[in-house]
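The values are calculated or read from the model by the stated rules, or taken from the named source; none is laboratory data. What you see is a predicted model; the values in this text were computed from it and never measured. Cβ placement follows ideal geometry from the backbone for every residue including glycine, while neighbour counts extend to all protein chains displayed.
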Amino acid sequence: MWFKSIQPYRFDKPFEYTPESLAESLAKSLFTQCTAYAMSSMGWFPPLGDPDAPLVHAAGHYMIIALKVQDKILPASVVKEQLDERCHALLAQGSAAPKGKQKQRLKEEIYNALLPKALTKSTIIHGIIDTKGEWLWVNASSPSKAEMFLSSLREVLGSLPVIKPEVSAPSATMTSWLRRGYIPDDLVIEDMCVMIDPSVEGGTIRCRRQDLQSKNIQSFLRDGCEINQMALTWRDQVSFVLCHDFTFKSMRFLDAVKEVVDDIQAETPEQQFDADFVIMTETLHAMMGFVVGLFVDSGGMTTSTAGSATESEKSAQKAASEVHEAGAPSNGLAGHVELQDHN
């Protein structure tokens, strides 16, 4: 459940669904297994992974939902191999080799015969709705998967008023950080980046295990290269790669966060999921507010997002008492809040 990628979206008007009303809408399109002759199936599935669990898991002003996608695995090479064997068999029997429409019909027969026997692969795409911060975070590594999630949600809700965050060009900002040797407070620039050379079509430079403030990197920047992706760490809690389109990938929640999770003595998988969910969402809420504030001009969202960490800490303190009442240590989530406050 811990997110590894985020495609972030902003609600441009309040999301007014409650967990109950949202679940009722999702129930219109529940996930069902692929039928024998269907290549894929898609629908809403309980985020806890238990088919009998609720379709919406909520804590505070956060809700998590899950879209399950199941695809049949039937490689074209397998169909081609069977088709070649059938063609050779016909030739051995003295028949003419099928061509054109006849060969296409034979290929379709083979495809339909193999489809019910094909293996299936399932993927679950999680999304978190932050009603207070007006965020929708989709745990998807590609825009196409995120759009699949959004389209499915829009279909059951009737409308989904979300937009990409309005931020200044991340590539230009990250490039400026390295050129000026500037590192924003609470951020660490790690040892990986991807640079684009606009003077060369398809020109890409991938740097790993490199000091990004070294002379070698600076020479690329002086030659006009721009940062397309860069590895960062926020407050020793989350590491991630920030991309040019303001998406996050290769996310890892670090020891400072995981130690808080380990301190919580959950008695059931449901309690553990709830504790993980509370800690992850409060961390993401504060991190996202901070990062957005770095890419917004003065007079934009900077003031409101700069205060989001404080609001997140208040929410975390309230959530800490709720987790404690469920059996977790009283200082578990509070410790998480202290880790977020380095001022």
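Here is a yes/no grid of residues against (1) of a type outside the set (A, V, I, L, M); (2) surrounded by fewer than 20 Cβ atoms within 10 Å (Cβ to Cβ); (3) within 17 Å of residue 154 (Cβ to Cβ):
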{"position": "5", "(1), (2), (3)": "yes, no, no"}
{"position": "18", "(1), (2), (3)": "yes, yes, no"}
{"position": "28", "(1), (2), (3)": "yes, yes, yes"}
{"position": "34", "(1), (2), (3)": "yes, yes, no"}
{"position": "63", "(1), (2), (3)": "no, no, yes"}
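Given region 65-181, what helices (runs of 4 or more DSSP H) lie entirely inside it while holding 3 or more residues that are in the same structural domain as residue 220 (by TED's automatic domain parsing) and in contact with a Ser or Thr (Cβ under 9 Å, 6 or more places away or on another chain)?
On the way: elements: 76-92, 100-114, 143-157, 170-180.
Of the helices (runs of 4 or more DSSP H) lying wholly inside region 65-181, none has at least 3 residues that are in the same structural domain as residue 220 (by TED's automatic domain parsing) and in contact with a Ser or Thr (Cβ under 9 Å, 6 or more places away or on another chain).
Restrict the check to region 213-229 and report whether at least one residue is crowded, with 19+ Cβ neighbours inside 10 Å and small (Gly, Ala, Ser).
No, region 213-229 contains no residue that is crowded, with 19+ Cβ neighbours inside 10 Å and small (Gly, Ala, Ser).
Collect the residues in region 26-48 that are in contact (Cβ under 8 Å) with a residue 24 or more places away in the chain, in a loop (DSSP other than H, G, I, E, B) and not aliphatic (A, V, I, L, M), keeping them in residue-number order.
Selection gives 31, 33, 34, 37, 47.
Checking residue 2 against (1) within 30 Å of residue 231 (Cα to Cα); (2) assigned by TED's automatic domain parsing to the domain that holds residue 148, which test does it fail?
(2)
Would you confirm, using the coordinates I've provided, whether residue 75 is more than 25 Å from residue 251 (Cβ to Cβ), in contact (Cβ under 8 Å) with a residue 60 or more places away in the chain and either loosely packed, with under 11 Cβ neighbours inside 10 Å or among the acidic types (Asp, Glu) (or both)? Lay out the reasoning, then the answer.
Working: more than 25 Å from residue 251 (Cβ to Cβ): yes; in contact (Cβ under 8 Å) with a residue 60 or more places away in the chain: no; either loosely packed, with under 11 Cβ neighbours inside 10 Å or among the acidic types (Asp, Glu) (or both): yes.
So residue 75 fails the test.
Can you tell me which residue among 229, 272 is of a type outside the set (Asp, Glu), touching a Cys at 6+ places or on another chain (Cβ under 6 Å) and not assigned by TED's automatic domain parsing to the domain that holds residue 131? Outline the logic, then answer.
Working: 272 fails: touching a Cys at 6+ places or on another chain (Cβ under 6 Å).
Sole residue among the options that is of a type outside the set (Asp, Glu), touching a Cys at 6+ places or on another chain (Cβ under 6 Å) and not assigned by TED's automatic domain parsing to the domain that holds residue 131: 229.
Tally up the residues in region 244-260 that are over 15 Å from residue 139 (Cα atoms) and either out of contact with any Asp or Glu (no Cβ under 9 Å at 6 or more places or on another chain) or buried (at least 20 other Cβ atoms within 10 Å of the Cβ) (or both), please. Working first, answer last.
First pass over region 244-260, keeping only residues over 15 Å from residue 139 (Cα atoms): 244-245, 254-260.
If we keep only those that are either out of contact with any Asp or Glu (no Cβ under 9 Å at 6 or more places or on another chain) or buried (at least 20 other Cβ atoms within 10 Å of the Cβ) (or both) as well, we get 245, 257-260.
Adding up the residues that qualify gives 5.
Checking the conditions here, which among 242, 187 is at pLDDT 95 or above, under 25 Å from residue 5 (Cβ atoms), within 24 Å of the chain's Cα centre (by Cα) and among the aliphatic types (A, V, I, L, M)? Write out each step before concluding.
Values: 187 fails: at pLDDT 95 or above.
Result: 242 is the single residue among 242, 187 that is at pLDDT 95 or above, under 25 Å from residue 5 (Cβ atoms), within 24 Å of the chain's Cα centre (by Cα) and among the aliphatic types (A, V, I, L, M).
Among 211, 245, 236, which is the only one that is on the phi > 0 side of the Ramachandran plot, acidic (Asp, Glu) and not in a strand (DSSP E or B)?
Details: 211 fails: on the phi > 0 side of the Ramachandran plot; 245 fails: on the phi > 0 side of the Ramachandran plot.
The unique qualifying residue is 236.
Being touching a residue at least 40 places away in the same chain (Cβ under 8 Å) and within 18 Å of residue 215 (Cα to Cα) is the filter here; which residues of region 180-195 pass it?
189, 190, 191, 192
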